[in-house]
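The values are calculated or read from the model by the stated rules, or taken from the named source; none is laboratory data. Predicted model only: the values in this text are computed from it and were never measured. Cβ placement follows ideal geometry from the backbone for every residue including glycine, while neighbour counts extend to all protein chains displayed.
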Amino acid sequence: LVMAEGSDEEVLPVFPFLQRPLPRGSSPSGSRAGREAGSQAACPGAVVVLSSGSESEEEIVEGGDQVLSALQSKNYSCVVESQAVPCSITWRRRAVLSQVDEENEWTEEPNILVLLCLEEFLFMETQGCTEGQKETLQSFVAHVMEKMPGKILALVVVGVDSYFDSLRTQSKKRLRPEAVNGDQAEEKGKRRKRKAKDSGPDVSRLDVEDALVDLLLQTNVQVRLAESPEELAEFVSMFTKAVAEAPYKRERENTGFSFCVENEGCRGVKVDRTGKGLLEVWKRQIQQFNRVSLDMAEAIVSAYPSPQLLVQAYSKCSSEEEQENMLANIVVRRGEGVTATTRRIGPELSRRIYLQMTSHDPDLCLDFTE
């Protein structure tokens with residue numbers, strides 16, 4: 001990971017990043033500050049994107065400015081570079097080879113995030129596009145994987161729900177009753193059909209959901225539907241953070257112990273320098289036994305506040321039978337007032353605790369010993 005200038009936090013550089021602040025008609029060799037200022041003046045809220053074919057080909061992508069600002073606000077290093085797939089984001093990690101040598105080695109991350117514009121996404125849903133080429137989502141994914149083999153692909157589309165909301169609003173307006181004769185109604189119907197044919201693809205929300213599920217099952221590629229450029233920027237930031245933390249999480253899984261079941265949702269007990277909290281640790285250790293409730297653990301801990309005191313009590317017993325039944329008569333109180341009930345620990349749990357505290361056999365099964 002790369003240390004950002006002026007920050008003590010570890011950050012992951014986004015490299016290359018196709019979205020690039022560049023005003024129309026300016027030279028790519030200009031200063032970065034001038035390019036950003038010119039881009040905001042020429043097209044606020046959008047970023048000029050260089051096509052993969054030539055740097056002279058430009059395309060306005062809505063939300064690109066928010067994505068770039070969100071990444072820079074989190075101290076991620078963003079580098080602009082043309083690559084095989086337009087409107088895509090890939091990541092590289094800089095690893096320091098040695099503390100003495102300042103040379104670094106860049107390693108390519110396997111993830112790639114491709115931004116699809118809404119029009120392209122909807123036309124691929126209906127197996128067609130503006131140029132008349134037949135292309136579906138699955139064929140598009142296959143084309144991307146052919147250009148960048150070995151990558152883990154994810155797609156993101158902005159404004160799908162807003163598009164269907166606008167269609168529903170237009171449909172309600174068309175359904176308003178009109179006082180027209182038969183010829184006028186027929187002529188208006190033809191005009192509506194021609195207008196609907198020219199306005200965009202005929203695809204429903206259910207068609208989109210079915211296509212996304214089918215794409216996930218067939219290619220294992222997920223599509224994220226964002227509602228606004230701000231949500232797109234937040235998603236890219238979250239995606240970048242996940243890519244940055246992936247090696248650490250893999251290393252943590254590989255170095256875990258087979259006998260230790262980790263549960264990140266369960267917080268441990270805080271113990272200070274004075275020993276405050278050790279009683280709670282001892283109580284939770286007792287609760288690790290099968291069929292031991294909190295009331296039973298509290299009763300045992302109140303009688304023997306530490307493991308050392310319990311072991312000392314075992315050493316004072318005259319026989320093994322006495323040791324096994326030493327905890328059997330401890331009273332467990334449940335509830336308060338008139339509804340309070342009492343019971344005893346019993347010989348079975350007393351014996352299991354004795355074996356756990358004194359046995360030297362690591363493979364001993366406490367529940368099935370005789």
Next on the checklist: Looking only at strands (runs of 3 or more DSSP E) that lie completely in region 42-156, which have at least 3 residues being at pLDDT 85 or above, assigned by TED's automatic domain parsing to the domain that holds Ser204 and in contact with a strand residue (DSSP E or B) (Cβ under 9 Å, 6 or more places away or on another chain)?
Outcome noted: 88-96, 104-116
Checklist entry - Which one of these is at pLDDT below 90 and within 30 Å of Glu109 (Cβ to Cβ): Arg333, Arg291, Arg267, Arg250? => result Arg250
Checklist entry - Do the conditions hold for Val203, that is, is it modelled with pLDDT under 85, among the β-branched types (Val, Ile, Thr), assigned by TED's automatic domain parsing to the domain that holds Glu120 and surrounded by 11 or more Cβ atoms within 10 Å (Cβ to Cβ)? => result yes
Checklist outcome for this item: Considering region 354-366, residues that are within 20 Å of Gln312 (Cβ to Cβ) and surrounded by 11 or more Cβ atoms within 10 Å (Cβ to Cβ), and then whichever is nearest to the chain's Cα centre (by Cα), we arrive at Gln356
Checklist entry - Within region 319-370, can you find the residues that are of a type in the set (Lys, Arg) and touching a strand residue (DSSP E or B) at 6+ places or on another chain (Cβ under 7 Å)? => result Arg333, Arg334, Arg343, Arg344
Checklist entry - Quick one: is Val236 at pLDDT below 60 and hydrophobic (A, V, I, L, M, F, W, C)? => result no
Next on the checklist: I'd like to verify a number: residues in region 325-353 that are within 45 Å of the chain's Cα centre (by Cα) and in a helix (DSSP H, G or I), how many?
Outcome noted: 3
